[in-house]
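Note sheet for the following structure.
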Amino acid sequence: MNWIDLRQIKQIWEKQKPQVLPGLRVIGVTSLTVVSLVVGAKQLGWLQPLELKAFDRIVRLREDQPADDRLLIVGITESDIQAMARSTPDDATLAKALRNLEQYEPRVIGLDLHRDVPQEPGNAELQQQLKSPHLIAITKLGERADAVPPPPHVPEERIGFNDLPVDEDGIVRRNLLFASTEDTTFFSFALRLALSYLEPEGITPAPSATDSNVMQIGSVEFHPLGKSSGAYEQLDDRGYQVLLKYRRRWDVARTVTLTQVVRNEVPASWIRNKVVMIGTTAPSAKDLFYTPYSAGEQEDHQMAGVVIHAQMVSQIISTVLDGEPLFQFWSDPQEWLWILAWSLLAGSLAWMVRHPVALGLSASGLIVLLVGSCVLQFQQDRWVPTVAPAIAALLSAGLVVTNRAQQAHQQQKMVMTLLGQNTSPEIANALWQSRDRLLESGKLPGKRLVATMLFTDIRGFSHISEQMAPEALLEWLNEYLEAMTEEIQRHQGIINKFTGDGLLAVFGVPMPRLEEREVDEDAYRAVSCALAMAKRLRLLNKGWEERGFSAVEMRVGIFTGPVVVGSLGGRDRMEYGVIGDSVNIASRLESCAKERQVDPCRILIAEETLVHIKEHFEVESWGPMSLHGKQQQINIYRVLGYALLPPPPIDVIPVPEEGRSTSV
């Protein structure tokens, strides 16, 4: 990049800086404020319910994995309960089912049924089956009053607790692997089954080589959940928990009924070398739990406890043997940056897009992009906040729009105070649309441009005012000024000031006219406006004469030249100023040779205006003349009317045919 390119870049930056820097400041301050509030609300746990709902929704969007053929679920169904005529199988039935399963050499059998008290008949037979080294029984930790002890005489290494960690909204999203007291560590039912399955593979748990507080099974480290993992905040992280990755919403493994097992109707290949889990699946047993899938189901909203344990067993085995990754989480600073990025993006969008419909569509697209990004991250087994950045984005966009609207209101008030009451609605709207380029630091900055000035004055106003009462004079003068104002606005001019019985109108401000053609258009509008004023004056005189007032005459001076325009005054008192010698010349044209009032509305222009209106108007040369306060003479012309040529192709108010002149 050469030095010329750098200079051009600098020039572009200097030109855009007045518009860019305020926007960056508003976006930055707004985003930092919003993110601070959102992060604070997040850390207080206020957003956790919404984040968990978003988590559930994304879980439902994930594609189900194939059923795990390493597992077999033996479900106690409603038909089994009706066949047994009892809510839980007796010990004899259960012993027979275990015996039939054992003959096909499963790798491990998990009994998700409490057997702390005998269920006669057949308790002795069941006790014999419970001695099998391949059987894992359950206990319930819970509170002391809710605790359920394991079956008697089953060694501790074949006992696992079946307590499920339930979030505050009643949904199971976590897999509790260990629970511990001061002197005892308890293994979960699912972990016992998974470790028993992995043991023949030579895989056992051990502390991680990098962190002794982290469990490693095979080559995989199972990092536990912390208080603020993912979208959790102030999580009860007691024990050793990981986020549960559901394999499927239903049929996580092949399922058979207890009756089929008792009748020995299950193929040996479904049992041999498998993890077999026995538990109740009948709704009447009420061993049912809500899962992330529950909200998306039309019926059967809950999942049986034995099926959830199967999900947990499958997760552990798949992680160790199949390389299925566990969920990962960002650190707090990474999440804060994530939220800030979306807040800044939304704020920038709200600042740049002005049209309400476009802004609404853009904001909707941004939220869709955010959700899509979160879903994509989730597909990569990374849980990142969804609701927090969405709230931050919407708040930032809303506050930026509010700030912009407030600024717009102030700017509009300023623009309309300076210009809006004295110009046409079209011009006022154009000024308002261009306000960012016009306004700098709360003011209209001074700009040098070429414009056409139009001065008017009533001839003999002092004599008229002597003959009228003040109240009548004010009413009469307002009627006159209102008519002249209408014509100026119709011709897209701006009234800069009223001077008692006169006024100054400017054509070609406040936006710079960059082409010669545009300066020509301004001059044409100014002269056309003067002719329209003359016509309105004739109508006013006719009405005044009918009401007993005297007819009046007026003078118009028009000059085209360079001026400087911008705000004049201070914060408490400000007006739109037009400064330059061109203004003085227009004023002198209006007042020169007052005795030569050849018609009711005398319109004088200088040669500097004539060159811009071409041959579209008929004029009469008055020759070079000296103006008051000017050393050099100026060529002056009186406008007689429109020429026979068609008007130029510009947007001006059409003039009636009777307004055209055929004078030569």
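Candidates Ala469, Ala405, Ala393, Ala451: the one that is at pLDDT 70 or above, more than 30 Å from His223 (Cα to Cα), in contact with a strand residue (DSSP E or B) (Cβ under 7 Å, 6 or more places away or on another chain) and not charged (D, E, K, R) is Ala451.
When region 149-190 is filtered for residues that are over 24 Å from Gln128 (Cα atoms) and of a type in the set (A, V, I, L, M, F, W, C), the ones remaining, listed by number, are Leu164, Val166, Ile171, Val172, Leu176, Leu177, Phe178, Ala179, Phe186. Taking the conditions (1) buried (at least 16 other Cβ atoms within 10 Å of the Cβ); (2) on the phi > 0 side of the Ramachandran plot in turn, Val450 satisfies each one other than (2). Per the conditions (1) surrounded by fewer than 16 Cβ atoms within 10 Å (Cβ to Cβ); (2) in contact (Cβ under 8 Å) with a residue 40 or more places away in the chain; (3) assigned to a helix (DSSP H, G or I), the sole criterion not satisfied by Asn478 is (2).
Taken over region 191-208, the criterion of being within 20 Å of Tyr240 (Cα to Cα) and free of Cβ contacts under 8 Å to residues at least 12 places away in the same chain is satisfied by Ala206, Pro207.
Restricted to region 503-539, and to residues there that are at pLDDT 85 or above and not in a helix (DSSP H, G or I), the residue that is surrounded by the fewest Cβ atoms within 10 Å (Cβ to Cβ) is Leu503. The one condition from (1) within 22 Å of Arg174 (Cα to Cα); (2) of a type in the set (S, T, N, Q); (3) over 40 Å from the mean Cα position of the chain (by Cα) that Ser294 does not meet is (3). If you take the residues of region 371-407 that are in contact with a Ser or Thr (Cβ under 7 Å, 6 or more places away or on another chain) and β-branched (Val, Ile, Thr), which of them is surrounded by the most Cβ atoms within 10 Å (Cβ to Cβ)? Ranking the candidates gives Val400 first.
Taken over region 544-574, the criterion of being at pLDDT 80 or above, acidic (Asp, Glu) and either in a loop (DSSP other than H, G, I, E, B) or within 58 Å of the chain's Cα centre (by Cα) (or both) is satisfied by Glu553 alone.
Conditions tested, residue by residue: (1) outside any loop (DSSP other than H, G, I, E, B); (2) surrounded by fewer than 17 Cβ atoms within 10 Å (Cβ to Cβ); (3) in contact (Cβ under 8 Å) with a residue 60 or more places away in the chain; (4) over 11 Å from the mean Cα position of the chain (by Cα).
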position: Ile308; (1), (2), (3), (4): yes, no, yes, yes
position: Trp336; (1), (2), (3), (4): yes, no, yes, yes
position: Leu340; (1), (2), (3), (4): yes, no, yes, yes
position: Ser348; (1), (2), (3), (4): yes, no, yes, no
position: Arg354; (1), (2), (3), (4): no, yes, no, yes
position: Val357; (1), (2), (3), (4): yes, yes, no, yes
position: Gly360; (1), (2), (3), (4): yes, yes, no, no
position: Leu369; (1), (2), (3), (4): yes, yes, no, no
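Residue pairs, Cβ under 8 Å, 6 or more apart or interchain, first in region 64-76 and more than 21 Å from Phe378 (Cβ to Cβ), second part of a loop (DSSP other than H, G, I, E, B) and among the polar types (S, T, N, Q). List them. Filtered contacts from region 64-76: Ile73/Thr281; Gly75/Thr281; Ile76/Thr88; Ile76/Thr281. Taking helices (runs of 4 or more DSSP H) as the structural unit, those lying wholly within region 20-103 and holding at least 1 residues that are aliphatic (A, V, I, L, M) and within 20 Å of the chain's Cα centre (by Cα) correspond to 48-61. Beta carbons closer than 6 Å, at least 6 apart along the sequence or on distinct chains, pair a first residue in region 622-641 that is assigned by TED's automatic domain parsing to the domain that holds Leu589 and on the phi > 0 side of the Ramachandran plot with a second that is among the hydroxyl-bearing types (Ser, Thr, Tyr) and surrounded by 11 or more Cβ atoms within 10 Å (Cβ to Cβ) for Gly641/Ser661. Residues in region 548-560 that are farther than 17 Å from Ile458 by Cβ and surrounded by fewer than 18 Cβ atoms within 10 Å (Cβ to Cβ): Gly548 only. Does region 77-89 include one or more residues that are in the same structural domain as Leu288 (by TED's automatic domain parsing), free of Cβ contacts under 8 Å to residues at least 40 places away in the same chain and either crowded, with 20+ Cβ neighbours inside 10 Å or among the β-branched types (Val, Ile, Thr) (or both)? No, region 77-89 contains no residue that is in the same structural domain as Leu288 (by TED's automatic domain parsing), free of Cβ contacts under 8 Å to residues at least 40 places away in the same chain and either crowded, with 20+ Cβ neighbours inside 10 Å or among the β-branched types (Val, Ile, Thr) (or both). Between Ala430, Ala483, the distinction of being modelled with pLDDT of 90 or more and surrounded by fewer than 20 Cβ atoms within 10 Å (Cβ to Cβ) belongs to Ala483 only. Restricting region 598-626 to residues that are over 20 Å from Ile458 (Cβ atoms) and more than 60 Å from the chain's Cα centre (by Cα), the residue that is surrounded by the fewest Cβ atoms within 10 Å (Cβ to Cβ) is Gly623.
Condition check ((1) β-branched (Val, Ile, Thr); (2) crowded, with 17+ Cβ neighbours inside 10 Å; (3) without any contact (Cβ under 8 Å) to a residue 24 or more places away in the chain) across all residues:
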{"residue": "Ile109", "(1), (2), (3)": "yes, yes, no"}
{"residue": "His114", "(1), (2), (3)": "no, yes, no"}
{"residue": "Val117", "(1), (2), (3)": "yes, no, yes"}
{"residue": "Pro121", "(1), (2), (3)": "no, no, no"}
{"residue": "Gln129", "(1), (2), (3)": "no, yes, no"}
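Any residue that is in contact (Cβ under 8 Å) with a residue 40 or more places away in the chain, assigned to a helix (DSSP H, G or I), surrounded by 13 or more Cβ atoms within 10 Å (Cβ to Cβ) and not polar (S, T, N, Q) - is there at least one of those in region 464-474? Yes: region 464-474 contains one or more residues that are in contact (Cβ under 8 Å) with a residue 40 or more places away in the chain, assigned to a helix (DSSP H, G or I), surrounded by 13 or more Cβ atoms within 10 Å (Cβ to Cβ) and not polar (S, T, N, Q).
Note on region 144-168: residues that are acidic (Asp, Glu) and within 14 Å of Asp236 (Cβ to Cβ) total 3.
The values are calculated or read from the model by the stated rules, or taken from the named source; none is laboratory data. All of these numbers come straight from a predicted model, not from anything done at the bench. Don't worry about glycine lacking a Cβ; one is built from the backbone with ideal geometry, like all the others, and counts go over all protein chains shown.
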